Amino acid sequence: MAFHDTLIYEPAACENQQNSMRFNNLKKQRLVRGFCIAVLATIIFAFVVSCGKKSNPTLKSFEKPEPVRAVKVEHRGNEMIVSWPYPSSARQALKGFIVEKAEDTGGTAPEFKKIAVLSPAASQYADDRFSSGKKYLYKVRPVNSREVSGDDSPVVSAAPAGLPARPQGLAYRITDDTVEIYWQKGPGRLFYNIYKSDIKDKIQPTPLNSAPLKEPFFKDAINPSASFYYHVKALLGTDIVDEGLPSDTLVLGPEAFVPAGPSGLNFVPTPSKVFLLWKEAPESWVKGYRIYRKRSGEDSFLLIGDSVAPAFNDREPLTRKTFYYVTALGPVKESAPSNSVEADPLVED
């Protein structure tokens, strides 16, 4: 009977187990479905909240941008430099600037052609397609991000002349507190600009001189701590400058600053030391002095000390005939020797 009972009730147990599994699966499905719905609702809510309350529609971006109110053209070397000011606050809404050019034949209306499309940050354009003796017209207009163009700037005309020759014979002379730069004067009525850079083969856009130089001469401040590179350009001084090509490079480095030899060396002997003094170097860039000594019987002078002032104490007793000289020390090199002095041992009375 036990065997038959087992056979009778086993199918029922299996059915109960399957029903339980179905219930559990259904429960899991409902939980997953509820979770997905909750996540989707959260995403939709976040999207709606992030959108926020929309602002009122505006036509500001469709308005014409502020026009360029002034344009300047300068003929420098092989380029016509077209430049213009523009408010920085108004640049933010721009897509860029359009530069147009026409040849002025003096007859029919000029036919302007687009020669450049520039970024909103641009303030100038270098045009290298022109010929001396012809007259050109330039204008600039802004374009905003909606492709709306502003009004044209005023038209500026430029008639580039033939360039003056490169200046020749550039040289320098170092004085006590300045550097004097000079060169050969060119033919005709010329002016000059001088440029200085601390990078080799790079010419700065702005000259040292605040106004064109009438003479081939310029004084620059002393700076013996680094190398500097000078160039000079001749110009005609017209309304558009007409500045020529640069001269050869003049290099001025720390090794060029060699002071003159000190003068007026004298001494005061005592039984225990020799006090030396001399005239102060006139050069403002002298770093100090070196003192050399040679005693009787020695083959050569030896360096015995340095001094930042024009005086020195040799604390070695003066026991035999002794010779001294001093040099001035520049940034790299020292001067020629001063006059030498001869000190004899003191003789007791």
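The values are calculated or read from the model by the stated rules, or taken from the named source; none is laboratory data. A quick note: this is a predicted structure, and the numbers were derived from the prediction, not measured. Note that each Cβ is placed from the backbone with ideal geometry, even for glycine, and that neighbours are counted across all protein chains shown.
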Determine whether the range 198-219 contains at least one residue that is among the aliphatic types (A, V, I, L, M), outside the structural domain of Val286 (by TED's automatic domain parsing) and more than 25 Å from the chain's Cα centre (by Cα). no
Could we say that Ala260 is more than 29 Å from the chain's Cα centre (by Cα) and either in the same structural domain as Glu79 (by TED's automatic domain parsing) or more than 30 Å from Ala159 (Cβ to Cβ) (or both) here? yes
In the list Ser131, Ser157, which residue meets the criterion of being modelled with pLDDT of 95 or more, more than 19 Å from Thr249 (Cα to Cα) and not in a loop (DSSP other than H, G, I, E, B)? Ser157
Spot the failing condition for Ser272; the list is (1) surrounded by fewer than 15 Cβ atoms within 10 Å (Cβ to Cβ); (2) among the hydroxyl-bearing types (Ser, Thr, Tyr); (3) modelled with pLDDT of 95 or more; (4) out of contact with any Lys or Arg (no Cβ under 6 Å at 6 or more places or on another chain), and only one is missed. (3)
Residue match in the range 291-304 (condition: among the β-branched types (Val, Ile, Thr) and over 28 Å from the mean Cα position of the chain (by Cα)): yes
Selection from the range 58-93 of residues buried (at least 17 other Cβ atoms within 10 Å of the Cβ) and within 27 Å of the chain's Cα centre (by Cα) yields Val71, Val73, Glu74, His75, Arg76, Met80, Ile81, Val82, Trp84, Tyr86, Arg91
Complete set of residues in the range 178-191 that are touching a residue at least 60 places away in the same chain (Cβ under 8 Å) and within 26 Å of the chain's Cα centre (by Cα): Val179, Ile181
Hits in the range 206-235 - residues which are crowded, with 20+ Cβ neighbours inside 10 Å and either out of contact with any strand residue (DSSP E or B) (no Cβ under 9 Å at 6 or more places or on another chain) or of a type in the set (A, V, I, L, M) (or both): Val232, Ala234, Leu235
Let me confirm something: among Ala226, Ala309, Ala211, which residue is hydrophobic (A, V, I, L, M, F, W, C), part of a loop (DSSP other than H, G, I, E, B) and touching a helix residue (DSSP H, G or I) at 6+ places or on another chain (Cβ under 9 Å)? Ala226
For the structure I just gave you, tell me whether Ser307 is out of contact with any His (no Cβ under 7 Å at 6 or more places or on another chain) and in contact (Cβ under 8 Å) with a residue 24 or more places away in the chain. no
